[in-house]
Amino acid sequence: MAQKKTKSSRRKVTDVNVIPPATEENGVSSLAVPRVIAGSSLVRHRPLLSPNGAWVLCACGSGVRIYSSESGELLSVLQDSSSLSSSSVLVGLAFNPVSPHSQVWSVDAAGRLVLWAYDTGVPVKRLDVGREVLGLYAPYRDRGIYLLLRATERPTGVETVNGEQAEEVDTSCTLFHIPSLDNLSRKKGQLSVMRGLSEDSHKIAFDPQGDFFAAVNGKSLCLHFLKDQQYKRHLIKDRIFTCVAIHPKERCIATGDSQGRIFLWRCFEDTKQVTKSTLHWHSSAVLDLAFSAEGSYLWSGGHESTLVQWSLNHTDHKDFLPRMGAAIVHLALSYDNNTILVSHADSVVTLVGLQRNILCRIASLYWSSTPDDRVLCDQQQRALAVLAADPIGRALVMRGKPGQLQLYNAAEGKLTPPIDVVGQNIMSSGLSNFINATIDAAAFGTVTAGERTWMCTCDSLITPHVGSVINLKFWEFDEVTKRYVVRMTVVDPHDADPVRSIVFSPHSDDGAVATISESGFKIWMAIREKSLTGSRLIWICTGQGRFKESPPSTCVFSPDGATLAVAFSSLVTFWDVETAHLKDFVLTNPPSAGPIRNLAYGPDGTDTFVTTTDSAVCFWDLSTTTLMSNHTMPGSFATTDPTKAFLAVCGKNSVAVLDTFRGHILYHYIFPTPADIVACLLVANDEPSSNSELPIEWFHLNGLFLLSGKGELWKVDDKSASAVIGGNKLSAGEDERQTTLVHHNATTVTDGKALESLRNGFRHEKKDTYITKLMTVAAYTLPKPEYFLAQHIDSLLGSDNPSEVSSSDVMDVDIEVEPATRPVDAASDDEDMPETKREPAVNESDLTLADLQQDSPEQTFDFLTSAVKSFPKSSSSSSSNRRARTDRKIAYVNASQLYQKIRADSTAS
């Protein structure tokens with residue numbers, strides 16, 4: 001379409017209120033902190049299966065998670081109190097050989113060892129190594145434990161083995177043997193140094209009979225005999241070792257390499273008489289190996305997502321369990337040899353029976369697959385920028401496996417069945433010539449006509465040789481099957497450009513969707529098409545636009561759905577949705593703020609408009625096109641709650657919540673370690689929080705979720721909520737429950753003027769001025785009555801501590817109370833309650849519209865005040881508090897009904 005020349009803001013920006021970043025001088029308290037609720041890697045280290053086969057133990061973050069092997073339910077989290085103020089993560093997990101049925105060792109990178117009684121959740125012993133730890137091994141009953149440490153010196157060099165030159169080997173890792181746990185002195189302990197040790201747990205294995213341990217690194221196989229302290233090394237030329245395992249009964253070592261071959265080494269004590277046999281099926285690197293308890297079978301896994309069972313008696317015979325979902329990175333067998341514990345690169349643990357049948361799957365959040373799954377497990381890097389809320393199941397929607405959207409129920413703490421968007425087989429991550437389709441964007445919305453819920457997604461498959469395939473799909477929720485069904489697919493909606501963002505209109509009879517790409521934006525409308533079999537809704541493009549050849553960055557619909565705001569660099573343009581014509585005003589962001597990242601409208605009936613950049617959050621007045629305030633804080637990602645009363649903005653390592661009515665900062669938090677936040681979402685709580693100790697209104701009404709680039713899902717909770725995961729379900733003892741990570745530097749920034757105005761409503765302005773505005777401004781431009789009436793009534797009831805009454809009591813207006821049926825001097829249930837002197841209550845039924853017409857706004861305000869003053873003040877006794885809360889609700893209902901009558905009468909006059 002033809003571009004329309006526009007002018008910049010008609011008024012100059014004056015009196016800009018620059019608010020500095022939140023600091024301790026602004027008022028700090030530790031009321032709310034982010035905590036990880038899902039997404040931490042379950043497979044970064046090898047999980048364990050309890051000897052009785054009932055529980056699966058995973059080293060996850062800084063704690064040990066215990067899952068049920070039958071249902072996959074999270075039963076308990078073992079969290080050491082010493083790690084609450086530390087960001088150190090666990091690097092090793094091993095059963096105590098003396099008592100494997102009830103005790104497990106855990107160690108973090110800082111060297112803190114904890115012996116847990118995992119059946120009760122109680123720490124038995126704590127030790128501090130005082131060195132950086134890389135791994136933990138406890139293979140023998142009477143020999144203590146082995147720790148893989150970072151050496152104080154990091155020598156590297158080129159060595160020759162049997163006259164042949166070996167590659168450059170890192171000798172920075174040492175194996176520290178602690179024979180007695182009562183003494184950690186380095187002088188009395190045995191420090192075993194072996195060159196060529198690797199940090200990777202796949203590359204170190206201990207002989208079950210206790211004679212030696214083996215390690216692979218690069219092209220060499222190293223053996224260290226524990227009894228006589230001898231050292232052997234075997235070198236190969238044409239491959240790189242990836243994993244090692246030792247036969248439980250025979251003198252046999254199995255190694256896997258980068259080319260998919262498995263070598264079985266025998267007679268390895270003598271480098272001249274060593275023999276090797278080859279097993280080859282894998283097309284890419286072998287990631288892990290495991291022998292059965294008797295040594296008759298060997299299990300292997302790799303990038304093919306296939307579990308391979310080798311029969312060592314008949315090496316030509318092998319069995320497979322294919323299509324397991326993702327690359328296999330860890331293998332472990334149960335004590336009874338009946339279950340194989342398979343860990344996948346997408347952070348899923350699968351329990352497999354001897355008949356190659358899947359018994360159970362354990363997952364926190366699915367991870368996206370990458371070409372190098374080993375790097376994925378070590379660094380936990382992935383991109384899950386898609387974060388939305390499903391309006392049907394109240395679940396959080398994120399990218400999951402390639403081509404799928406995963407749904408996480410935060411209330412129940414579990415995954416629900418995913419949505420397969422692409423509908424194609426997942427290619428193995430080890431095949432570099434094949435690429436999986438990716439989901440670029442997803443959004444949910446409701447079409448008013450028929451009250452139908454829709455989902456819009458865009459997936460793309462871009463290859464260097466074939467080209468690109470981009471699909472924009474419209475999904476409708478089927479009430480019969482309770483699933484989303486594809487109703488329409490648009491191929492290449494923006495030619496060859498992938499769709500970067502999808503936005504639904506919040507209010508439209510037929511529905512409206514805006515899509516953003518590098519070339520511009522498009523508006524899609526739903527129309528009804530008639531056919532021989534009936535009628536259906538189809539989506540067509542009704543308009544498109546661009547501005548000065550600049551790529552759009554984001555867009556947002558106005559609350560009434562009539563206007564679409566689109567950001568181009570530092571400019572905000574406004575377009576008519578029906579005609580796709582550019583309107584005659586533009587907002588220009590301050591040059592120092594940088595390109596616009598997010599847009600947001602204020603609450604219904606207000607002229608507030610918000611723009612965020614990587615370094616600033618700006619509040620605008622659309623009626624005058626002027627900048628009201630400019631907050632200096634990271635705003636790379638932003639989201640508003642459903643009522644648009646609160647705005648959450650996030651940088652990579654910080655999060656803040658602001659009041660969109662006045663632009664004040666309500667909450668600010670800076671992560672102690674890099675968090676790499678990539679998305680945020682404010683979701684309305686099903687039931688407002690009733691914790692009266694929290695003065696933060698947004699926290700009671702909404703849940704704030706953060707998604708990090710490490711694949712972790714965070715939720716901002718109060719300290720009491722984040723102190724307990726839900727108890728230890730393995731034991732009934734309440735005193736044995738463990739706490740989860742609570743960051744020590746959580747900050748809640750409270751602006752005194754902002755909170756005072758939010759709590760007291762009418763107090764922040766003079767009575768006559770405020771009431772005049774209240775009664776003369778158009779009703780549809782005002783916020784909901786409960787926003788200010790409840791606060792005003794609370795102040796009139798004269799509670800010394802407003803937080804004594806929970807926010808659920810304040811906002812709970814859906815109660816049926818008949819004020820006329822309750823006498824003013826009704827007797828209380830508590831006979832000892834002191835008698836309270838009351839004034840006669842004002843009966844709302846005695847009022848007429850004629851009486852209301854004769855009153856001025858100031859008289860009406862005084863009337864509302866006297867109406868609620870007839871109820872008693874709050875007292876210290878519990879019975880009086882209960883009665884005061886009930887009276888408070890009645891007062892609010894009366895005042896709200898009177899207010900609605902006054903407004904209706906004022907509009908009619």
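Taken over segment 651-671, the criterion of being under 20 Å from residue 709 (Cα atoms) and touching a helix residue (DSSP H, G or I) at 6+ places or on another chain (Cβ under 7 Å) is satisfied by no residue.
Hey, any hits in segment 551-558 for a residue that's assigned to a loop (DSSP other than H, G, I, E, B) and either in contact (Cβ under 8 Å) with a residue 40 or more places away in the chain or acidic (Asp, Glu) (or both)?
yes
Total residues in segment 643-674 satisfying the condition of being in contact (Cβ under 8 Å) with a residue 40 or more places away in the chain and assigned to a loop (DSSP other than H, G, I, E, B): the figure is 11. Residues in segment 325-357 that are open to solvent by 10 Å² or more (accessible area, probe 1.4 Å) and not in a loop (DSSP other than H, G, I, E, B): 3 in all.
Restricted to segment 304-316, and to residues that are out of contact with any Asp or Glu (no Cβ under 7 Å at 6 or more places or on another chain) and not in a loop (DSSP other than H, G, I, E, B), which residue is surrounded by the fewest Cβ atoms within 10 Å (Cβ to Cβ)? Among those residues, the one meeting the criterion is 311. Number of residues in segment 444-497 that are small (Gly, Ala, Ser), out of contact with any Pro (no Cβ under 6 Å at 6 or more places or on another chain) and under 25 Å from residue 520 (Cβ atoms): the value is 4.
For residue 71, the conditions (1) open to solvent by 20 Å² or more (accessible area, probe 1.4 Å); (2) within 24 Å of residue 146 (Cβ to Cβ) all hold with the exception of (2). For residues that are within 37 Å of the chain's Cα centre (by Cα) and open to solvent by 10 Å² or more (accessible area, probe 1.4 Å), scanning just segment 260-286, find the one that is modelled with the highest pLDDT. Out of the qualifying residues, it is 285.
Taking the criterion of being in a loop (DSSP other than H, G, I, E, B) and either farther than 30 Å from residue 336 by Cβ or free of Cβ contacts under 8 Å to residues at least 12 places away in the same chain (or both), would at least one residue in segment 114-129 satisfy it? There is at least one residue in segment 114-129 that is in a loop (DSSP other than H, G, I, E, B) and either farther than 30 Å from residue 336 by Cβ or free of Cβ contacts under 8 Å to residues at least 12 places away in the same chain (or both). Checked against (1) under 23 Å from residue 69 (Cβ atoms); (2) open to solvent by less than 30 Å² (accessible area, probe 1.4 Å); (3) assigned to a loop (DSSP other than H, G, I, E, B), residue 301 meets all criteria but (3). Can you name the residue in segment 287-298 that is assigned to a loop (DSSP other than H, G, I, E, B) and more than 12 Å from residue 331 (Cα to Cα) and is also most open to solvent (accessible area, probe 1.4 Å) among such residues? Applying the filter and picking the extreme gives 294. For segment 447-467, a tally of residues being modelled with pLDDT of 85 or more and either open to solvent by less than 10 Å² (accessible area, probe 1.4 Å) or over 24 Å from residue 304 (Cβ atoms) (or both) returns 8. Going by the structure shown, is residue 586 touching a residue at least 60 places away in the same chain (Cβ under 8 Å), in contact with a Phe, Trp or Tyr (Cβ under 9 Å, 6 or more places away or on another chain) and closer than 19 Å to residue 494 by Cβ? In short, no.
Does residue 530 satisfy the criteria of being among the basic types (Lys, Arg), assigned to a strand (DSSP E or B) and in contact (Cβ under 8 Å) with a residue 24 or more places away in the chain? Considered against the rule, which asks whether it is among the basic types (Lys, Arg), assigned to a strand (DSSP E or B) and in contact (Cβ under 8 Å) with a residue 24 or more places away in the chain, residue 530 comes out as no. Restricting attention to segment 95-108 and to residues that are buried (at least 21 other Cβ atoms within 10 Å of the Cβ) and of a type in the set (A, V, I, L, M), the residue that is farthest from residue 56 (Cα to Cα) turns out to be 107.
Table: residues versus (1) at pLDDT 85 or above; (2) out of contact with any helix residue (DSSP H, G or I) (no Cβ under 8 Å at 6 or more places or on another chain); (3) open to solvent by less than 40 Å² (accessible area, probe 1.4 Å); (4) over 30 Å from residue 66 (Cα atoms).
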site	(1), (2), (3), (4)
110	yes, yes, no, no
126	yes, no, no, no
144	no, yes, yes, no
148	yes, yes, yes, no
162	no, yes, no, yes
207	yes, yes, yes, no
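For beta carbons closer than 9 Å, sequence separation of 6+ or different chains, a first residue in segment 452-472 that is of a type in the set (Val, Ile, Thr) and a second that is at pLDDT 90 or above and not in a strand (DSSP E or B), the qualifying pairs are 457/421; 469/492; 470/492; 470/493; 470/494; 470/499.
For segment 198-220, how many residues are charged (D, E, K, R) and either touching a His at 6+ places or on another chain (Cβ under 6 Å) or over 15 Å from residue 231 (Cα atoms) (or both)?
Going through segment 198-220, the residues charged (D, E, K, R) turn out to be 199-200, 203, 207, 211, 219.
Now narrow it down to the ones that are either touching a His at 6+ places or on another chain (Cβ under 6 Å) or over 15 Å from residue 231 (Cα atoms) (or both): 199-200, 203, 219.
Of the residues in segment 198-220, 4 are charged (D, E, K, R) and either touching a His at 6+ places or on another chain (Cβ under 6 Å) or over 15 Å from residue 231 (Cα atoms) (or both).
Looking across segment 597-612, just one residue is more than 13 Å from residue 662 (Cβ to Cβ), under 27 Å from the mean Cα position of the chain (by Cα) and outside any strand (DSSP E or B), and that is 597. Being open to solvent by 30 Å² or more (accessible area, probe 1.4 Å) and modelled with pLDDT of 70 or more is a condition met by no residue of segment 719-729. Among the residues of segment 468-486, which ones are of a type in the set (Lys, Arg) and surrounded by fewer than 18 Cβ atoms within 10 Å (Cβ to Cβ)? Listed by number, the residues that qualify are 482, 483. Checked against the criterion of being closer than 22 Å to residue 717 by Cβ and assigned to a strand (DSSP E or B), segment 561-570 contains not a single residue that satisfies it.
The values are calculated or read from the model by the stated rules, or taken from the named source; none is laboratory data. Because the structure is a prediction, the values reported are computed rather than measured. Quick reminder, even Gly has a Cβ in these numbers, built from the backbone with ideal geometry, and neighbours come from all protein chains shown. Heavy atoms of the whole protein, side chains included, go into the accessibility calculation; ligands, DNA and RNA do not. Shrake-Rupley method; radii C 1.70, N 1.55, O 1.52, S 1.80 Å.
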